[in-house]
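The values are calculated or read from the model by the stated rules, or taken from the named source; none is laboratory data. Just so it is clear, the structure is predicted and the values come from calculations on it, not from any experiment. With ideal geometry, Cβ positions are generated from the backbone for all residues, glycine too; neighbour counts draw on all protein chains shown. Just the protein is used for accessible areas: all its heavy atoms, side chains included, with ligands, DNA and RNA removed. Shrake-Rupley method; radii C 1.70, N 1.55, O 1.52, S 1.80 Å.
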Amino acid sequence: MNLNSIPAFQDNYIWVLNNDDGRCLIVDPGEAAPVVRAIEAHSWQPEAIFLTHHHNDHVGGVKELLQRFPDLVVYGPAETQDKGATQVVAEGDSVVVLGHEFSVFATPGHTLGHICFFSFPYLFCGDTLFSGGCGRLFEGTAEQMYQSFCKINALPDDTVICCAHEYTLGNMKFALSILPQDRALNEYYRKVKELRAKNQSTLPVILKKERQINLFLRTEDDDLIDVINQETNLQHSEARFAWLRSKKDNF
Ligand code: ZN
Ligand code: FE
């Protein structure tokens, strides 16, 4: 499978996997036009759509794509049923698309029904994990999001994380406001700043890297614990995750 990203709106990415035979899978098509252009340019035959959650910047293009390609199967959580999902999937399900098995796991937090799709090495995590950061808690709690991050963190080191937004630069600015001396954060920030100055994508990102530069995956890190302890004493990883999330809300 080959991985492609199609920029949409201000900072969304619509991910597309395609097989050498031209069949393709589209993830979170918030708008149809750029997807249709890519399909035509590559002569792809769309086989399925994956939806991670119900927000419009992820589902807005589904109806138009279904009109053009009526055989498309649209897999999504129950919250996307009225947004065009034709096959509702949930935690523990697996679906076969492009001849590959994808497992579905529940990652509530950003929305209550948010799901991720995983077929090694690809993880489509929507608005759950962003490079260097974490999705906003629109519907769920920090505790739910923490559990969702634990599921992602349990995947193999070389997992290719495909997030739905280009938020990396802002996330690294936030991370450096917490740990200004951290070497991994500073190095990654420099690299990301260079890429963005050239208007290049910072995604996808490898989980092994993300474990070094995403503070939301570093809630056991001694330096981070020291910083938090200067303000408050939090014994548990989950509470430190919530502390980080609320700091980011006010950043
Ligand atoms: Zn969203
Ligand atoms: Fe989004």
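Backbone amide hydrogens, once placed in the peptide plane, bring Tyr122 within less than 5 Å of Val160, excluding anything fewer than 5 places away on its chain. Ratio of Rg to Rh for segment 67-204: 1.01 [Cα atoms; Kirkwood radius as inverse mean 1/r over pairs]. Remark on Val97: its backbone amide H falls under 5 Å from those of Phe102, a criterion applied only to residues 5 or more positions apart or on other chains, H modelled at 1.01 Å from N. Mind checking the log10 I(q)/I(0) for the chain at q = 0.12, 0.15, 0.16 Å⁻¹? Debye, one equal scatterer per Cα, no solvent, two decimals. One equal scatterer on each Cα of the chain leads to -0.67, -1.02, -1.15. The 3J(HN,Hα) values that the Karplus relation (6.51, -1.76, 1.60; θ = phi - 60°) gives for segment 16-28 are, in residue order, 10, 9, 10, 8, 4, 7, x, 5, 9, 10, 10, 10, 6 Hz. Gly and Pro appear as x.
As a calculated quantity, the FRET efficiency between Ile206 and Glu101 at R0 = 22 Å, using C-beta atoms, amounts to about 0.55. Counting heavy atoms of the protein chains alone, Asp71 has an accessible area of about 140 Å² for a 1.4 Å probe.
Ignoring aspartates and glutamates fewer than eight residues from Lys191 along the same chain, the ones with Cα atoms less than 16 angstrom from its Cα are Glu166, Asp182, Glu210.
Derived scalar couplings between HN and Hα for segment 159-173 equal 4, 9, 8, 10, 8, 8, 9, 8, 10, 4, 4, x, 5, 6, 4 Hz in order, rounded to whole Hz, by the Karplus curve 6.51 cos²θ - 1.76 cosθ + 1.60 (θ = phi - 60°), x for Gly and Pro.
For segment 159-251, the direction-averaged projected area of the alpha-carbon convex hull comes to 6.2 nm². Which whole-angstrom value gives the distance between the alpha carbon centres of segment 161-202 and segment 41-84? Here the answer is 30 Å between Cα centres.
Across segment 138-147, coupling constants 3J(HN,Hα) worked out from phi with the 6.51/-1.76/1.60 Karplus curve, θ = phi - 60°, read 7, 10, x, 9, 4, 4, 5, 5, 4, 4 Hz, and Gly and Pro carry x. Each Lys and Arg contributes +1 and each Asp and Glu -1, all at the Cβ; summed about the Cα centre of the chain, the dipole is approximately 680 debye. In percent, rounded to a whole number, the relative contact order of the chain is 13, using alpha-carbon pairs under 8 Å and six or more apart. Over the chain, dividing the summed -39,500 (n - 2.57) contributions of all DSSP H runs of at least 4 residues by the number of residues returns a 222 nm mean residue ellipticity of -10000 deg cm²/dmol.
Between amide H atoms placed 1.01 Å from N, distances below 5 Å from His165 occur with Tyr13, all of them 5 or more places distant or on a separate chain. Could you calculate the FRET efficiency of Asp249 with Ala33 from 1/(1 + (r/R0)^6), where r is the beta carbon distance between them and R0 is 30 Å, rounded to 0.05? For Asp249 and Ala33, the calculated efficiency is 0.35.
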